[in-house]
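Following: one structure in structure tokens, then a few remarks.
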Amino acid sequence: MERRDFCIECRRETEYILKKKDIVKNIKDKDYNFSITVAICTECGEEMSIPGLMDKNVREIDEQYREAEGLV
């Protein structure tokens with residue numbers, strides 16, 4: 001399946017790959033490490049904003065937060 005979307009850096013439609021990225025987020029005065037999915041342009045290497053990715057990241061963070069707090 002070919003993954004393509006508009007890259008704001010390249011200013012055109014390009015292919016992208018999905019990778020995992022580690023981030024630190026502070027929730028209720030406590031730092032948590034999360035692994036989220038990002039889209040990377042294969043032309044310039046910058047992160048891209050693609051449809052549905054923000055929702056996927058919210059789900060990933062929620063699942064990892066619940067696991068870290070023993071809420072699963």
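Summary table below
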{"quantity": "Output for the range 8-22, where each listed residue is in contact with a strand residue (DSSP E or B) (Cβ under 6 Å, 6 or more places away or on another chain) and free of Cβ contacts under 8 Å to residues at least 12 places away in the same chain", "calculated": "Glu13"}
{"quantity": "Residue in the range 46-53 that is charged (D, E, K, R) and surrounded by 13 or more Cβ atoms within 10 Å (Cβ to Cβ) present", "calculated": "yes"}
{"quantity": "Failed item, numbered, when Glu2 is tested on (1) among the acidic types (Asp, Glu); (2) open to solvent by 80 Å² or more (accessible area, probe 1.4 Å); (3) at pLDDT 95 or above", "calculated": "(3)"}
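Every residue, every condition in (1) assigned to a helix (DSSP H, G or I); (2) hydrophobic (A, V, I, L, M, F, W, C); (3) surrounded by 12 or more Cβ atoms within 10 Å (Cβ to Cβ), yes or no:
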site: Lys20; (1), (2), (3): no, no, no
site: Asn26; (1), (2), (3): no, no, no
site: Phe34; (1), (2), (3): no, yes, yes
site: Ala39; (1), (2), (3): no, yes, yes
site: Glu43; (1), (2), (3): no, no, yes
site: Lys56; (1), (2), (3): yes, no, yes
site: Asp62; (1), (2), (3): yes, no, yes
site: Glu67; (1), (2), (3): yes, no, no
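The values are calculated or read from the model by the stated rules, or taken from the named source; none is laboratory data. For clarity, every value in this text was computed on a predicted model and none was experimentally measured. Don't worry about glycine lacking a Cβ; one is built from the backbone with ideal geometry, like all the others, and counts go over all protein chains shown. For the accessible areas, the whole protein counts, side chains as well, though only heavy atoms, and no ligand, DNA or RNA atoms are used. Shrake-Rupley method; radii C 1.70, N 1.55, O 1.52, S 1.80 Å.
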